[in-house]
Amino acid sequence: MLGRVLNTHQQWLCRQLSDLGYLVSRQVAIADTGPEIVQALREALARADIVITTGGLGPTTDDLTRDLIAEMLGRKLVEDPVTLAQVARFFEIRGRTMPDRARVQALVPEGSRILPNSHGTAPGLAIQSGSLRGARPSAWLILLPGPPRELRPMFREQVVPLLQREAPVPAAFVCRTLRSTGLGESLVQDKIAPWLKAQVGAGLDLGYCARPGEVDVRLAAQGPEAESVVAAAEAIVRRRLGESLFGVGEDQLETVVVRLLTERKETLALAESCTGGGIANRLTNVPGASAVFPGGWVTYSNAAKQAWLDVEGHALAEHGAVSEPVARQMAEGARRHLGSTYALSVTGIAGPDGGTAAKPVGTVFIGLAGPFETVVQKNFNPFDRETFKQVTAQQALDLLRRKIPPPSPS
């Protein structure tokens, strides 16, 4: 509530739930104080069949949710021995002594379904409202821990099956998200919306979600014809957007690139300047990336470009570090030194200073060396530094994705 922590839960949970066909009607952020928590929960249980809370389940004095909910529902808190053993084991395998206060995380309201936490200490809980005055009959209250690394796998692995079993969506629901890059949101809409009028008329819910360098197209329908409506719409979107589509669902561009390289048993080296290792970071977030990514360089200075990538001094002097010749030599040097199938290079002006009339802030050159003539792409990304780096990394990975030959038909 002080604005120091970004609430990413609302975005992530709303997307997961809407993709499953559950309509999220309200989201509320409240302070960690008793009256606000109880009031918000009573209001939510009176108007919704499913209420999800995040946070407030840990061992510190400001973790009030578990205790307040037990009191509100008139249920005793009892120590669950299995949960206590899991909490103790969490500290044991890390070679740490369990603090006495951590034991409170094994207290659960009577009648709760315990959602074990395999990534932390505080378990999640699922409780029906029971005879709580004003609550909807049989409303479900689901309590999830605050850290995303704990919340997300718990929701996917335990909450989703529980919801589908105990509170299924009343009609068949189909949702598909197609992920695109290289096109702006307005252009994506212009390319597909006019050709989807028949599907929209038949019940298609068409939506867009734009982020730096990406636009998602969400196709959803409910009812007996949902599958055919979404399938017809997907075929149109794929035909209209073509190579701009890189994945579906929660695919990340780096995941797609690693998968393509793995399938072909090929490798990639990196020579980064303006992205500061951002491309390498994205690749190494993908499990199995070590099989296709032997390494790279962050050559932020001209001296580093010369010493590690064999960039010629006269190219730097004549054209500058942000130039087509330097991007070319960076990519070719990285590929040569690591013997990789491909090498990507990036060199640009992230700003806010350093631009000129000929090369304004946002100018970037992306090089791609491989078993073909080296390609250099010039782009203009006039954003803040962080967005500039995100978009440039996206453009570099997409340049490679489009150059990797598709797998041969089996």
Within the range 300-323, of all residues that are in contact with a helix residue (DSSP H, G or I) (Cβ under 6 Å, 6 or more places away or on another chain) and in contact (Cβ under 8 Å) with a residue 24 or more places away in the chain, the one farthest from G278 (Cα to Cα) is D310
Can you name the strands (runs of 3 or more DSSP E) wholly within the range 194-302 that have at least 3 residues being of a type in the set (K, R) and in the same structural domain as G339 (by TED's automatic domain parsing)? none
Can you say whether L338 is free of Cβ contacts under 8 Å to residues at least 40 places away in the same chain, over 29 Å from V215 (Cβ atoms), assigned by TED's automatic domain parsing to the domain that holds A280 and buried (at least 16 other Cβ atoms within 10 Å of the Cβ), as far as the supplied structure shows? no
All positions within the range 108-120 that are part of a loop (DSSP other than H, G, I, E, B) and either crowded, with 22+ Cβ neighbours inside 10 Å or of a type in the set (A, V, I, L, M) (or both): S112, N117
Hey, T61 in a loop (DSSP other than H, G, I, E, B), assigned by TED's automatic domain parsing to the domain that holds M98 and over 28 Å from the mean Cα position of the chain (by Cα) or not: yes
Can you tell me which residue among A126, A102 is within 25 Å of E157 (Cα to Cα) and either out of contact with any strand residue (DSSP E or B) (no Cβ under 6 Å at 6 or more places or on another chain) or part of a loop (DSSP other than H, G, I, E, B) (or both)? A102
I'd like to check something: does the range 249-258 contain any residue that is at pLDDT 95 or above, in contact with a His (Cβ under 9 Å, 6 or more places away or on another chain) and crowded, with 18+ Cβ neighbours inside 10 Å? no
Just the residues that are small (G, A, S) and touching a residue at least 40 places away in the same chain (Cβ under 8 Å), please, taken from the range 77-105. A102
Filtered residues of the range 155-181 (kept if hydrophobic (A, V, I, L, M, F, W, C) and either part of a loop (DSSP other than H, G, I, E, B) or in contact with a strand residue (DSSP E or B) (Cβ under 9 Å, 6 or more places away or on another chain) (or both)): F155, V159, L162, L163, A167, V169, A171, A172, F173, V174, C175, L178
Among the residues of the range 33-48, is any in a loop (DSSP other than H, G, I, E, B), surrounded by 15 or more Cβ atoms within 10 Å (Cβ to Cβ) and at pLDDT 90 or above? yes
Counting only residues that are touching a residue at least 60 places away in the same chain (Cβ under 8 Å) and hydrophobic (A, V, I, L, M, F, W, C), which one in the range 221-254 is nearest to N381 (Cα to Cα)? L253
Would you confirm whether any residue within the range 143-151 is assigned to a strand (DSSP E or B) and either touching a strand residue (DSSP E or B) at 6+ places or on another chain (Cβ under 9 Å) or not assigned by TED's automatic domain parsing to the domain that holds L57 (or both)? yes
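The values are calculated or read from the model by the stated rules, or taken from the named source; none is laboratory data. This structure is a prediction, so every number in the text was calculated from the model and none was measured. Neighbour counts are summed over all protein chains in view; Cβ atoms, including those assigned to glycine, are modelled from backbone coordinates with ideal geometry.
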